[in-house]
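In what follows, a single structure is set out as structure tokens and then discussed.
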Amino acid sequence: MSRIAYVNGRYVPFAEASVHIEDRGYQLGDGVYEVCEIRSGALVDERRHLTRLSRSLAALRISQPLSDKALHFVLEETVRRNRVRDGLLYLQITRGVARRDHAFPEHPVKPALVVTVRGLDRKKAEASAAAGIAIVTLPDDRWGRVDIKTIGLLPNALAKQRARDAGAKDAWLVDSEGFVTEGASANAWIVKDGLLVTRPSSNRILTGITMTVVKEIAARLQFKLEERAFSVEEARAAEEAFLTSATQTVMPVISIDGRVISSGKPGPVAKRLREEFHRTAEIGRKIV
Ligand code: PDD
């Protein structure tokens, strides 16, 4: 079955899906995005993702291209047309097409909207979670507003590649004081003295939807949570480490910079949170 993309009002075959060369997303990285999990034919936490999307758009003064209701329809329709039951939905909104100039277009242009969907092998993802992943730490050299989910992901992409080059799956980014901010595309957590530790929301991290749900699970299961920054040394000596994102839900980390965490196996807290995740997340109606 051929894949279908939604591009500015039309559902088109992937091979024909394209945007204008003067789209400000392409020229300047002037846009925002969201990534939403599709599980058993339904969208996971759509409402929360769309709320964060509105916040990102407002922060960049980009207008919403569609009403909430119309956008919801487009998301479901893109999933339906692709018949993806387990996978990921990507949504990108840029300021639109205008003659190249750093400042905003003098006359407002229509924001551009692209929605794509792709399948994910759930068995492979579970095998990866059962084994745990290795990560490396790298300096966080991103701009000061990473709380906005922009498509300007070059530092994240470079960090991820450096992780791959080192034989690891991901990178944790470290601020100038030696504290972990977050992962290249995920939030970072440790378990220390039985407490869950993660960095509080600020402009130094993206407040993950998965992170928000995991905090709710922690409260329900009566796991104690400490919202504070933790250092790389602390993470290396932790009982457990894990990361959270819509693409990986809760993923155990078993080594940092080549040093094994605890027993070198996924820990019970991360395992439990992963099991609980889809019981707490908001699962939408079945689309396919
Ligand atoms: N990334 N921090 C960063 C820098 C991220 O890019 C992401 C998500 C997160 C976790 O957010 P959430 O739980 O809402 O997915 C934190 C997505 C998945 C991506 O870029 O593919």
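The values are calculated or read from the model by the stated rules, or taken from the named source; none is laboratory data. Worth saying up front: this structure is predicted, and the values here are computed from it rather than measured. For neighbour counting, all protein chains shown are included, and Cβ atoms are generated from backbone atoms with ideal geometry for every residue, glycine included.
Taking segment 237-288 as the range and being among the hydroxyl-bearing types (S, T, Y), assigned to a loop (DSSP other than H, G, I, E, B) and within 16 Å of the ligand (Cβ to nearest atom) as the test, only T247 passes. None of I148, I209, I205 is within 13 Å of the ligand (Cβ to nearest atom), surrounded by fewer than 18 Cβ atoms within 10 Å (Cβ to Cβ) and at pLDDT 95 or above except I148. Screening the candidates A159, A184, A171 for the property of being within 19 Å of E233 (Cβ to Cβ), under 16 Å from the mean Cα position of the chain (by Cα) and either crowded, with 18+ Cβ neighbours inside 10 Å or among the β-branched types (V, I, T) (or both) yields one hit, A171. Among the residues making up segment 213-229, those that are free of Cβ contacts under 8 Å to residues at least 60 places away in the same chain, within 16 Å of the ligand (Cβ to nearest atom) and either part of a helix (DSSP H, G or I) or closer than 19 Å to A184 by Cβ (or both) are K215, A218, A229.
Show me the strands (runs of 3 or more DSSP E) found entirely inside segment 120-204 where at least 2 residues are over 29 Å from R24 (Cβ atoms) and not assigned by TED's automatic domain parsing to the domain that holds V35.
Passing ranges, in order: 133-139, 170-174, 187-192, 195-198.
The number of residues in segment 144-175 being without any contact (Cβ under 8 Å) to a residue 12 or more places away in the chain and not aliphatic (A, V, I, L, M) comes to 3.
One line per residue, one yes/no per condition, for (1) in contact (Cβ under 8 Å) with a residue 12 or more places away in the chain; (2) assigned to a loop (DSSP other than H, G, I, E, B):
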position: F73; (1), (2): no, no
position: E76; (1), (2): yes, no
position: L89; (1), (2): yes, no
position: A103; (1), (2): no, yes
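Among the residues making up segment 19-39, those that are under 15 Å from the mean Cα position of the chain (by Cα), more than 12 Å from L153 (Cα to Cα) and crowded, with 19+ Cβ neighbours inside 10 Å are E34, C36, E37, I38. Contact map, segment 107-128: first residue closer than 20 Å to V74 by Cβ, second residue modelled with pLDDT of 95 or more and among the aromatic types (F, W, Y), Cβ cut-off under 6 Å, separation 6 or more or different chains; pairs are V115/Y6; T116/Y90. Give me the pairs, please: first residue somewhere in segment 31-58 and touching a residue at least 12 places away in the same chain (Cβ under 8 Å) and under 24 Å from R145 (Cβ atoms), second residue anywhere and part of a strand (DSSP E or B) and among the acidic types (D, E), beta-carbon distance under 6 Å, and either six or more positions apart or on two chains. Pairs that qualify, where the first residue is touching a residue at least 12 places away in the same chain (Cβ under 8 Å) and under 24 Å from R145 (Cβ atoms) and the partner is part of a strand (DSSP E or B) and among the acidic types (D, E), are H49/E34; L53/E34.
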